[in-house]
Amino acid sequence: MDDEISGAVRRTSTRSRKVATKMAAALASSDNRTQAALARLDALENDNGGVETVEINDDDEASLDDDEEAYIQKKQSMSMKRKTRQGKAREIARKNPRTFLELVNEANLDALPPHVPNYLRAAVGPPSITSRRNFCT
């Protein structure tokens, strides 16, 4: 219903558009406009330089055409992308120092063979000779 009402009376802007004289001259002819549009399209196509061709061969039996190529765009640098909250949290977690327990868990020491000593299996008895301790008085 609002579309019918707004369609009857259309508002126009009272703001005057200022166009540079060279731009007005360039846009005066249709040839110049098409040439400018084509130049912008060429610049846009040439700007996409981060595309590289990668051949994907995940499964030879499932592949119907070996000549198929997939186009994968390179990741932009992190400074160029807008970071999400989750991305920021991951980056902060990666930069922060980790605790010793986290490092031991990441090392996956249980997977090592039993004859290899590691932090979890190391067993050392008390020293046989007590060392003399010098204390200040």
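Of the residues that sit in the stretch 112-131 and are among the β-branched types (Val, Ile, Thr) and within 21 Å of LEU101 (Cα to Cα), which one is modelled with the lowest pLDDT?
Filtering the stretch 112-131 for residues that are among the β-branched types (Val, Ile, Thr) and within 21 Å of LEU101 (Cα to Cα), the one modelled with the lowest pLDDT comes out as VAL124.
Any residue at all in the stretch 10-25 that is surrounded by 10 or more Cβ atoms within 10 Å (Cβ to Cβ), in a loop (DSSP other than H, G, I, E, B) and either aliphatic (A, V, I, L, M) or at pLDDT 80 or above (or both)? Yes - at least one qualifying residue is present in the stretch 10-25. For the stretch 69-78, indicate whether the set of residues that are in a helix (DSSP H, G or I) and either at pLDDT 80 or above or acidic (Asp, Glu) (or both) is non-empty. No, the stretch 69-78 has no match at all.
The values are calculated or read from the model by the stated rules, or taken from the named source; none is laboratory data. Given the structure is predicted, the values throughout are model-derived calculations rather than measurements. We place every Cβ from the backbone using ideal geometry, glycine too, and count neighbours over all the protein chains shown.
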